[in-house]
Amino acid sequence: MSTMLEVSGLNHRYGTGEKAHVAVNDLSFTVEAGELASIVGPSGCGKSTLLRCIAGLIKPTSGQVSLHGEAISSGVPDDLAVVFQDYSRSLFPWLSVAKNVEFPLRWRNLSRSERRTRAQDALDSVGLSGVGSKFPWQLSGGMQQRVSIARALASRPALLLMDEPFASVDAQTRFELEDLTRRVQRENGSTVLVVTHDIDESVYLSDRVLVLSKSPASIVADLPVGLPADRDQITTRESAEFVTLRGEVARLLHGGAPEAAAAASDAAEYDLAQQEAASDAAAEVRAKS
Ligand SMILES: Nc1ncnc2c1ncn2[C@@H]1O[C@H](COP(=O)(O)OP(=O)(O)OP(=O)(O)O)[C@@H](O)[C@H]1O
């Protein structure tokens, strides 16, 4: 495997002087080509800041990000695509679904027919073959997020970044989109980096989980996920390996905080809420199957 993404000594600080806020603190890691890695961290720890620095959307205060060996210095590289949480703000309501997916290809040296073919292929791969002529607002939230994923895939990016991509959809749709992401990643051999605050999602989705500390974000652990490549929302989540790993991530996320007592109680509430959401969604999947 070759290294697709290298982040070295990354720091980002918002503002200056007394009001300065350090969001990312000396982060270094690599993601290999063809890997599906996730970054999990508590709310507000600096995950989106890190992702924006990687995407070239903001210039880090210091440190370096390289995509297949080339430093990202100004703007979003051509072979990188980002899927954001809020599909309603990232899709253009006045353009059809097909035109939304084609949109970023306008800046590529591609013929019109090639752009159309790529857009249709991307829509096919996310299970939206028949909706190209509809408008985003005629689709459900889950379908709109599929369109966002198709748009990112259409440019055939070397690296796909996803920022809390399933946080705005219901639990059942979230499961479907997680499976879709795994399938598409394997079919295309893509390199994907997903940022999430959901422990279970980070384990279910990935080959590897990077655990971040509370703000400012630094890496607490880099865990390989030894689950089988073929995963299932019910049996995988019930497996001993999954349960052990999610417990390990939860402990790492909440352990060692200065305010240990408060953190422990936050952790218990957080885990309980996640377990309840997952078991509701699993019950829905069972009921529908
Ligand atoms: N443009 C900005 N200017 C000033 N501070 C900011 C800015 N963007 C983010 N921050 C601060 O930086 C810290 C990290 O924010 P960031 O959005 O990266 O965290 P996050 O882990 O993605 O949060 P969440 O999980 O809640 O989305 C927060 O304290 C936030 O208030």
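None of the figures in this text is laboratory data; all of them are computed from the coordinates on show. Given the structure is predicted, the values throughout are model-derived calculations rather than measurements. Here the Cβ positions follow ideal geometry from the backbone for every residue, glycine too, while neighbour counts run over all protein chains shown.
Each residue in Val220, Val40 was given a count of other beta-carbon atoms within 10 angstrom of its own, and listing them fewest first yields Val220, Val40.
Ordering His21, His68 from the fewest to the most neighbouring beta carbons within 10 Å gives His21, His68. Multiplying the residue separation of Asp124 and Arg108 by 0.36 nm and subtracting their alpha-carbon distance yields 3.7 nm. Using the Karplus relation 6.51 cos²θ - 1.76 cosθ + 1.60 with θ = phi - 60°, the per-residue 3J(HN,Hα) values for segment 113-128 come to 5, 5, 4, 4, 4, 4, 5, 5, 4, 5, 5, 4, 5, 9, x, 10 Hz, with x marking Gly and Pro.
For the chain, the number of Lys pairs separated by eight or more positions or lying on different chains, with C-alpha atoms closer than 20 Å, is 5. For segment 64-119, what class follows from the C-alpha gyration tensor (a ≥ b ≥ c being the square roots of its eigenvalues): rounded when a/c is under 1.5, otherwise prolate if a/b is larger than b/c, else oblate? Oblate is the answer for segment 64-119, as a/c is 1.5 or above yet b/c matches or exceeds a/b.
With Cα atoms defining each centre, segment 97-118 and segment 2-17 are spaced 32 Å apart in the structure. Annotation: the antiparallel percentage among DSSP beta bridges lying fully within segment 65-192 is about 25. From the square roots a ≥ b ≥ c of the eigenvalues of the alpha-carbon gyration tensor of segment 125-247, which class results: rounded (a/c under 1.5), prolate (a/b over b/c), or oblate? Prolate, because a/c is 1.5 or more and a/b exceeds b/c.
The residues Ser148, Ser28, Ser43, when put in order of fewest to most other Cβ atoms within 10 Å, stand as Ser43, Ser28, Ser148. A dipole drawn for the chain from +1 and -1 charges on Cβ atoms has a positive end, and of Ala98, Tyr87, Ala23 the residue lying farthest that way is Ala98. May I ask for the net charge around Ser213, where only other residues with Cβ less than 12 Å from the Cβ of Ser213 are counted and Lys, Arg are +1 while Asp, Glu are -1? Once all neighbours under 12 Å are counted, the net charge is +1. For segment 150-232, the share of DSSP beta bridges that are antiparallel, to the nearest 5, is 50%. Comparing Cα centroids, segment 155-186 and segment 42-95 end up 16 angstrom apart. Only helical runs count toward this figure. For the chain, summing -39,500 (n - 2.57) over DSSP H runs of n ≥ 4 and dividing by all residues gives -13000 deg cm²/dmol at 222 nm. Only Lys, Arg, Asp and Glu carry charge here, each on its Cβ (+1 for the first two, -1 for the last two); on that basis the chain has a dipole of about 1260 debye about its Cα centre. Binning the C-alpha pair distances of the chain at 10 Å intervals from 0 yields a P(r) profile of 6, 27, 35, 24, 7, 1, 0 %, listed from the shortest bin outward.
Among DSSP bridges having both ends in the chain, what percentage is antiparallel? Round to the nearest 5. The answer is about 50 percent antiparallel.
Extension gain, Tyr14 to Leu57: 0.36 nm times the residue separation minus the Cα-Cα distance gives 14.1 nm. A cut-off under 11 angstrom between Cβ atoms defines the neighbours of Asn188, and their net charge, with Lys, Arg +1 and Asp, Glu -1, is +1.
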